[in-house]
Each structure stands twice: as structure tokens, then as C-alpha cells.
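First up is the structure itself, then whatever we jot down about it.
The values are calculated or read from the model by the stated rules, or taken from the named source; none is laboratory data. Given the structure is predicted, the values throughout are model-derived calculations rather than measurements. Heads up: the accessible areas ignore ligands, DNA and RNA and are worked out on the full protein's heavy atoms, side chains in. Shrake-Rupley method; radii C 1.70, N 1.55, O 1.52, S 1.80 Å.
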Amino acid sequence: MTAFRFDNTYARDLPGFYASWQPARVPAPQLVYFNDGLAAELGLDTSALQAQAGAALFAGNSLPEGAEPLAQAYAGHQFGGFSPRLGDGRALLLGEVIDTRGRRRDIALKGSGRTPFSRGGDGKATLGPMLREVLIGEAMHALGIPTTRALAVAGTGERVLRELPLPGAVLTRVAASHLRVGTFQFFLNEGDMAKLRRLLDYAIARHDPQLAGKPGCEMAFLRAVAQRQAQLVAQWLNVGFIHGVMNTDNMTISGETIDYGPCAFMEAYDPATVFSSIDHGGRYAFGNQPGIARWNLARLAETLLPLVADADDEAAARQALAEATAVIDEFPALHARALLQGQRVKLGLGAPASAFGADEDAEDSRLIDAWLALLHTQAVDYTVGWRLLAGAADGDSEPLRDQFRDRNALDAWLLQWHARLQRDTAAGGPVAADRAAAMRRANPRIIPRNHQVEAALAAAIQGDMAPFRALLAAVQQPFSDAAHLDPYAEPAPASQTAAYQTFCGT
Ligand code: AMP
Ligand code: MG
């Protein structure tokens, strides 16, 4: 059957970068989730994916025509320590399709059995974490944040042994590509410069085609990846997202969020927030994410340097190092600009970039820092705080004030903010009602609240998919004020959040 019209450049152009491999057979495939919207976007022939045929396909028991399944090789720094050989230990790239907008997208299975990269692992995935990836990925997508997405989840009918036996599942993941910082690290570690060059050419053709064949394309590529990551992490911060495991193998070249393992959304604002059970040092805490992105980009830079200059040519090597260092050093400013741009929209500022220039940047940053400090010291829910600020733009600041213990401090800040808004309106920004509406399109009311996610997954594992479906529908409308979604806008009880822990790769 031809559900997918595959055109597999990775398999074709990069022999020696992967192991061709087949998914494991599973006893009783069952389609648990199918993303109709994404299937339409991909231009799939869904008639070929009905019922049992679709279940068998998404569980890995039958391969769609044209698929060339392969496990990709990659390395990675995990919590700062280098692992030279990670790779797809439980995933297989089936191939690539061109979507209805002309974009090349990877179609991959996750949880499809052991591969040559599995090390001690069983190559399997369980239902809860795969449905979690659906929920968080679709929420991110609805929030306008670049992300890999789930096309389908199939149950396998087998039990997978974790701490307890759990229902097995396979996720079908769609990505702009699965190239990671760790893919480059793998071939640097092998010392294979020809392969590194081929990988770079491939990545450029796929993600930065305007750089193809240009002199200086190596550092231009590094800068392009840095720009995407600066923007991505800014978007994470502006919705309170904590990735939780920003290892270099989990950072894409495309700038999409990938690998929804121990990720979670922050509730009360605190930049030190960590949920992952294994992140003891807080390396991947909410507020550390920009610094980690920079650190990961430095690892990517190290893989590109030998392509720019031969180590024997000392002057050229020094020059290349200086250039790469400049890109890495520029990252904090790149990120800060992307962050401020997003924060200004969240704050209700709509006037075009102003004549005040750098002074205004500094002033707006101070205003935002003061707001965040208020949320922090008064333990206000990050999402609720920003959302209610929209009401305050419209003249109703009482619901916002109700969130604060020390209202005087808030009132003082609101005065400064209103003064800034007046200046914004004078400079061409919106008037009050339009501003509030714009803020409600930038500050979500509904995010996947951790307690809701856990409850939905617990029910799903017991066979009741209704809470999952309701939560999914809610997080797909993050900016909606519809009353029936009210329960999904509620923060978790603080006691629950304090005890909340997430787990890796399970
Ligand atoms: P992750 O934490 O999902 O980013 O995975 C890190 C590495 O561990 C990757 O190489 C995965 O393929 C591998 N891995 C994770 N879970 C399993 C598993 N159950 N079986 C085999 N490999 C796994
Ligand atoms: Mg990973």
C-alpha cells in the first residue's frame, strides 16, 4: 500500500551513517491514537491506514511501501559526560516524505525494538510516555513552538518490564529531520573528516540550502543553528517549558524541540525549577536552558572546526577558532533579543521597534525582570500571572491582584507598566481592548498541567482514553477562554507540584 510517498535522502545519500534494520514483530497491534490533522498536512493516503492495516503499520509489524528502515548513528554529551556511541537504540527512521507545503519530513518509529545501538536496553517504549509525547508535542505545536510531532501511537499487546510490567507502545514521530548535535559528534569522534563533511553538506542542503557551496558555509551553518536554538529556547522560556534533558543528542539542527522525556511545564515561577528525577545538580533547570544551549552549540562548533582549517595550518586553525568563538559568545545576546521580543508581545507592547533603541531595550528588560521577580517572590503561577495581565490591560486588574499577597508591590509595578503602555500607544501600538486581545493570543491560558497529564496517562494505561482525549483537545486550544476548558487552566495544588517528578526515556 502507498500511504506514504517516500523519498529517502538519508538512506540514499548517507551510507555508512546508519544501520539498516527491521522493526520487531509485536503480538497484538492496536491503534491507540492517530493524528488526522498531521496526516492531512503530510498528504497521506489515510484510506491505506484504516483499522488493522494502520495498527500493523504503526506498531512496526508491516512496513509501508517505500520505507527503508534504519537506525541512525549519533553520540552525545549526557549531563556533560561524553558517550561516543548512543544512536537509535529504540527508534527507526522509516523514510522521508514531502508534505503539502513542500517541506521534507522524517517519519520514524520509536519503541520498535532493539537495534545495533541498543546497548543494554530492550528497544521498547511504553504507552504512558508515548502518549505524553503526543500531549506535550501537540501542546507545543498549538503554542506556535517548533516541535517534532506524533502521527500515531500503536499499542503492541505486550507487556514491557520497567519497575512494573507496563503496556508496550510504538510512537510514530514526524520531524524536520533527526539530525542532532550528537550526529556531528559521532563522526568527529570517529575522526572521519570526509563523513563529517558529507554530514554538513547534507544538513545544509536540508536546513540551510542558501548556504550550499558557499565559502565560509561551516561557520554560517553554526550561526544558523545558533539562531534557531536562540529563538527556540526563548519560546520555551516564554511559556514556562522545561525540557529536562538537554543532552547534545537531544538538540536538533532544525531548531525543533525533540524528545519529550522528563519535560514539564513550570507552575509557580521559579527559574531554579527542576522536575527530572535524575537532574540532581539542576543542570537542566528552567533558567539554565539558555546557558546549556550555548554549551551544546560549543560542542557543535568543535565538530565543524576541523572542516574549516587543517590542524597543521596553525594560522588558519586559530582564525577558525576565533570565528567559532565569536558565534558562541554572541549566543547570549542572540537569545536575549529573541526572548525580549517575545516578552514584549506578552507584555502587550505592539508599537514597531522604537526610536529609543538600546535604552528602550534596557528599560523594557528591567520592567520584565521586575515583573518576574514579583511572580517569583510571591509564588504566582507563571501561566496564570501572564494571562491575567491581559485583563489588567483592559481595565480589570482585580483577578490579577487576587494572585498576589503583597498587592502594593504589584500596584507599583502596574503603574510603571501602564506608563509604558501609554508610550507604546503613542508610538503606534494598540489601544486597550485591542491590546488585551493581542495579549490573549500571546499568553496561553491552557498548558499541559503536570497533574492533568499524569491523570490522563494513568487512566489511559487502565484502558480509559477519555481523559487523554479531553486533555489533548484542551491543550490544542491554548488561547481559548471557553468555559468548558476552565478545569484545564487551573494550577495544580502547590503540594502536588512540590512533590512532582519526571523520569527519563522510559
Ligand atoms: P533518550 O534519553 O530517549 O534521549 O535516549 C538516550 C539514548 O538511550 C538513545 O541512544 C536511545 O536510543 C537510548 N535508549 C533509551 N531507551 C532505550 C531502550 N528502552 N532501549 C534501547 N535504547 C534506549
Ligand atoms: Mg534522545
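Determine the principal axes of the Cα atoms in the stretch 182-345, then give the extent along each, sorted from largest to smallest and rounded to whole angstroms.
Result, largest extent first: 52, 34, 28 Å.
Based on the alpha-carbon gyration tensor of the stretch 295-399 and its eigenvalue square roots a ≥ b ≥ c, which shape applies: rounded if a/c is under 1.5, prolate if not and a/b is larger than b/c, or oblate?
prolate
How large is ³J(HN,Hα), in whole Hz, for each residue of the stretch 135-143 in order, when computed from phi with the Karplus curve 6.51 cos²θ - 1.76 cosθ + 1.60 and θ = phi - 60°, using x for Gly and Pro?
My calculation for the stretch 135-143 gives 4, 6, x, 5, 5, 4, 4, 5, 7 Hz in order.
Using the Cα gyration tensor of the chain, with a ≥ b ≥ c the square roots of its eigenvalues, what is the shape: rounded (a/c below 1.5), prolate (a/b larger than b/c) or oblate (neither)?
Cα axes put the chain in the oblate bin.
Amide H of Glu158: which non-local residues (sequence gap of 5 or more, or other chain) have their own amide H closer than 5 Å, using H built in the peptide plane?
Sorted by chain and number, the residues that satisfy this are Ala28, Gly168.
Return one whole number: the accessible area per residue of the chain in Å², for a 1.4 Å probe. Before the final figure, lay out each step's value.
Numbers: 20050 Å² over 506 residues.
Heavy-atom accessible area per residue stands at 40 Å².
Need the list of lysines near Lys110 for cross-linking: C-alpha distance under 17 angstrom, and skip anything on the same chain fewer than eight residues off.
Lys124
Once you order the gyration tensor axes a ≥ b ≥ c over the Cα atoms, which shape class does the stretch 1-158 get: rounded for a/c under 1.5, otherwise prolate or oblate by comparing a/b with b/c? Walk me through the numbers before you get to the answer.
Working: a/c = 1.29, a/b = 1.26, b/c = 1.03.
Rounded, since a/c falls under 1.5.
So which lysines pass the test for Lys195, namely a Cα distance under 20 Å, with those fewer than 8 places away in the same chain ruled out?
Lys214
How big is D for the stretch 146-244, in µm² s⁻¹ as a whole number, if Stokes-Einstein is applied with the Kirkwood radius of its Cα pairs at 10 °C and 1.306 mPa s?
On the way: Rh = 16.7 Å.
It diffuses with D of about 95 µm²/s by this estimate.
Leaving out ligands, DNA and RNA, and with a 1.4 Å probe, what % of the accessible surface on the chain is carbon or sulfur?
On the chain, the fraction of accessible area on carbon and sulfur atoms equals 54 percent.
Scan around Ser177 for amide H atoms under 5 Å from its own, H built in the peptide plane at 1.01 Å from N, and keep only partners 5 or more places away or cross-chain.
Asp106
Name the long-range amide H neighbours of Ala3: under 5 Å, sequence gap of 5 or more, or other chain; modelled H, no Pro or chain starts.
Glu65
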